[in-house]
Amino acid sequence: MQETDMIDKRQFYIDGAWTDPKEGRDKEVIDPSTEEACAVISLAGPADVDAAVAAAKAALPGWMATPAAERIATVERFLTIYETRAEDIAQAVSTEMGAPIDLSRRAQVPLAVKHIKGFLAAAKDFPFEAPLSDASADTRILYEAVGVCALITPWNWPLNQISLKSIAALIAGCSMVLKPSEQSPLNAMIWAECMAEAGVPKGVFNLINGDGAGAGTRLSEHKDVDMISFTGSTRAGVAISKAAAATLKRVHLELGGKGANLIFGDADAGAVERGVRQMMNNTGQSCNAPTRMLVQRDVYDATVETAASVAKSISVGPAAMAGLHLGPVVSRAQWDKIQGMIQQGIDEGARMVAGGPGLPEGVNCGYFVRPTVFADATNDMTIAREEIFGPVLTIIPFDTEEQAIAIANDTPYGLSNYVQTADGARANRVARALRSGMVEINGKPRGPGAPFGGMKQSGNGREAGAWGLADFMEVKAVGGWAI
């Protein structure tokens, strides 16, 4: 593709206007289905980061002082506008990060709507200002904006994370600088257009593109940034925490995962297929995916057979193709990493029962991965320890409930785990014992507004609903409040 054919998105959205970079470097956005460039963006330099932060800092006092009801009304306007741009955003996500177009329309784009509605519901009941107690009515508890926020979001579920951060920050009264992943930036630029159309005051929402080593580090270190909210790898989360430490800014991290899916002998008939498909969804590029399937010994052989059959039935195809299939992974680097992990699983002695290394049959370009299942794994194998971020499932047997819990918890991660059993008392007992921020039982998703986040090296803080709003606020206690 010639550069003249590419979408030109070199500008940043700063202080209420699309502006040319001060120190931008060109970067091509690659369509992972074709391995060809589909757009060109700019990577921000220090002066661009500083300009965006300065705009946010200048806008903060006025937005903080805006009544919560007006901030909520602004988000309501934004939601209406976002929904009119749904197809544009779905096409952008599909092209730039490889989500099949039906998945993009069905899940990638609507997740933001779900989160926005959850924040609006929580905001209308949120105690922005309330007495400490009936006995201490003249002590007032105020929730106010934490300040200027840097929002650093990933490529895998881009609208999910942009909505969880920027909408919560808006309602809380914060101003912000969004730095989306440079691998999937186009959807975020449409998001910025919606912010402008919704009448968000200039400087309250700013967008720059950039990489982690450049713009991400600059934001993390910046003296005028009060909070970093980051979603991505644990390695990057550690680096951000170190960079932010010098200014003692608040750091919210939503990081990696290695979720365990505990299949007990009395699990329902659809549990195994459900687990495989949930793990493979979005081509396995989800931090909360159930990537380790722990299976009770008496149903182990049948489970392995079913899991292999389901994986073999999953088709792979270009993101633009309609239907239920897996698209490519996001990049050549990601494809190479996944191929290395599959080979390591083979080398360490796990039994490959579906998929394997190399491109799927009949595919000669694009970053496509064969849906892969390993059985007879042990929890000390690399494929059971490290986040693969691709369509690779690892199956491990267990004998007792206690052993299953021990295996599930034997991981540096603690984001999401899953339990499949007909015994309600056991399900609840196991859910309590699992060291993760989230647990799903028998395929039942968490309700709207439930907090999203993890323990251990899966991060800190919570997103969505009232918990997500509170994460972007400081608590102020005032004695002697006039009543």
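Tally the residues that are part of a helix (DSSP H, G or I), without any contact (Cβ under 8 Å) to a residue 60 or more places away in the chain and farther than 17 Å from S166 by Cβ, restricting the search to region 111-128.
Selection size over region 111-128: 1.
So if I check each of I171, I190, which one is part of a helix (DSSP H, G or I), within 23 Å of R25 (Cα to Cα) and among the β-branched types (V, I, T)?
It is I190.
Quick check on my filter: what residues within region 408-454 are over 19 Å from Q296 (Cα atoms), surrounded by 15 or more Cβ atoms within 10 Å (Cβ to Cβ) and in contact with a Gly (Cβ under 6 Å, 6 or more places away or on another chain)?
Within region 408-454, Y413, G414, L415, S416, R435, S436, G437, G449, G453, G454 qualify.
In this structure, is G479 surrounded by fewer than 19 Cβ atoms within 10 Å (Cβ to Cβ) and without any contact (Cβ under 8 Å) to a residue 60 or more places away in the chain?
no
Out of all the residues in region 423-452, which are in contact (Cβ under 8 Å) with a residue 60 or more places away in the chain and touching a helix residue (DSSP H, G or I) at 6+ places or on another chain (Cβ under 8 Å)?
R426, V430, L434, S436, N442, G443, P448, G449, F452, listed by residue number.
For A99, state whether it is modelled with pLDDT of 95 or more, outside the structural domain of M321 (by TED's automatic domain parsing), crowded, with 21+ Cβ neighbours inside 10 Å and part of a helix (DSSP H, G or I).
no
Could you tell me whether region 57-71 includes any residue that is farther than 17 Å from G468 by Cα, acidic (D, E) and assigned to a helix (DSSP H, G or I)?
Yes.
Residue check: is E197 surrounded by fewer than 19 Cβ atoms within 10 Å (Cβ to Cβ), in contact (Cβ under 8 Å) with a residue 60 or more places away in the chain and touching a Phe, Trp or Tyr at 6+ places or on another chain (Cβ under 9 Å)?
Yes; evaluated as a whole, the condition is true for this residue.
Name the residues in region 374-428 that are β-branched (V, I, T), in contact with a strand residue (DSSP E or B) (Cβ under 9 Å, 6 or more places away or on another chain), farther than 20 Å from F452 by Cα and not in a loop (DSSP other than H, G, I, E, B), would you?
Across region 374-428, the qualifying residues are I383, V392, T394, I395, I396, I405, I407.
The values are calculated or read from the model by the stated rules, or taken from the named source; none is laboratory data. Since this is a predicted model, take the numbers as computed values, not measurements. No Cβ is skipped: glycine too gets one built from the backbone with ideal geometry, and neighbour counts run over all protein chains shown.
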